[in-house]
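Let me begin by presenting the structure, written as structure tokens, before commenting on it.
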Amino acid sequence: MRFDVLTLFPGIFEGYLSESLLKDAIERGALEVHLHNMRDWANDKHNTMDDRPFGGGPGMVLKVDRIVPCVEEVQTYAERPGRLVMLTPQGRPLTQRVVEELAQEERILLLCGRYEGFDQRVVEILQPDEISIGDYVLNGGEVAAAVVIDSVMRLIPGVLGDENSAVVDSFSSGNRLLEEDQYTRPREYRGLTVPEILLSGDHGAIERWRLSNRREKTLARRPDLLDGEETKIDEDEKKKKKKRPKKAKEPELVAESENVVEAKPSETPEAADATENNVDV
Ligand code: ADE
């Protein structure tokens, strides 16, 4: 996938692009990110990109006769013009569904505004997909563009180490619930312990605990996410239950139980580390 970022401040992206997953993905050729300084399209001696708004008012407006030629030229830099996204607080909200939609594209141009925004004729001529990352105002579209790149790149095959991890992320098409609570060593810290069920090695019980933890958390924090989803999950559960052969009794897996089933040694974080780093478990 190819991103072209059109900005007055390309330097903002440099640190971000040269670290971690993004750096690896770019080096492996799974992702291309091209930065374009829109000021290169200013054609006067003062490099003017903005001007005072007609009708008065605060701030400056990005000029249509600079921005449109810039976008049109960058569109010719690859075989296809790509999808033009304008980052603006007035856009449609960026949700995981929108991220999934963007991840289908071969090429995305990210147009970052500054100051009071763009002359409205930029929108009329270029008809961008206007996207907002939230109901707050940033100093410009750069941070929002980085959010788009970051969220979309996770869905591109070969970018994340574990292909499944993006599918189970909160809000993803495989899971519209918030993620369950996660724990790793130590088993006890300041008197707080890890839920015993996670140490039980009983995968069925662990899965059930995870699902109920996700639902409780989503209901408490983001009930809006459950619209329609909860019913769907309940139906899926009913279907599963019908298929599941009846068991005599679920094993007791609470902390008080004397017969707590331990996870197989190979499934504990200690064991994973021990194999990798030879630490004492
Ligand atoms: N530019 C300024 N604020 C923004 C926001 N909330 N989302 C996208 N672009 C922006």
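May I ask you to compute the full-extension gain from F9 to T48, defined as 0.36 nm times their residue separation minus their alpha-carbon distance, rounded to one decimal in nm?
Full-extension gain reported as 12.6 nm.
Give the long-range amide H neighbours of I108: residues separated by 5 or more places, or on another chain, with amide H under 5 Å away, using H modelled in the peptide plane at 1.01 Å from N.
Those lying under 5 Å, H to H, from I108 are R2, F3, D4, R83.
Cβ neighbours within 10 Å, averaged per peptide: list 91-104, 74-87 in order, most packed at the top.
Final packing ranking: 74-87, 91-104.
With each label point set 7 Å from Cα along the Cα-Cβ vector, what nm distance links Y189 and E79?
So the label points at Y189 and E79 sit 4.9 nm apart.
With a sphere of radius 9 Å drawn around the Cβ of M49, what net charge do the other residues whose Cβ falls strictly inside it have (Lys, Arg +1; Asp, Glu -1)?
In short, +2.
So for segment 1-152, considering every pair of alpha-carbon atoms, how many percent are separated by more than 18 Å? Please list the in-between numbers first.
Values: 6546 of 11476 pairs.
Cα-Cα pairs in segment 1-152 separated by more than 18 Å: 57 percent.
If you plug each phi of segment 73-84 into the Karplus form 6.51 cos²θ - 1.76 cosθ + 1.60 with θ = phi - 60°, what whole-Hz ³J(HN,Hα) values come out, in order, with x for Gly and Pro?
5, 4, 4, 7, 6, 9, 4, 10, x, x, 8, 8
Here, each number is a calculation from the coordinates, and none is a lab measurement. Bear in mind that the values here come from a model prediction, so they are computed numbers and not experimental data. Counting neighbours? That spans all protein chains shown, and the Cβs are built from the backbone with ideal geometry, glycine included.
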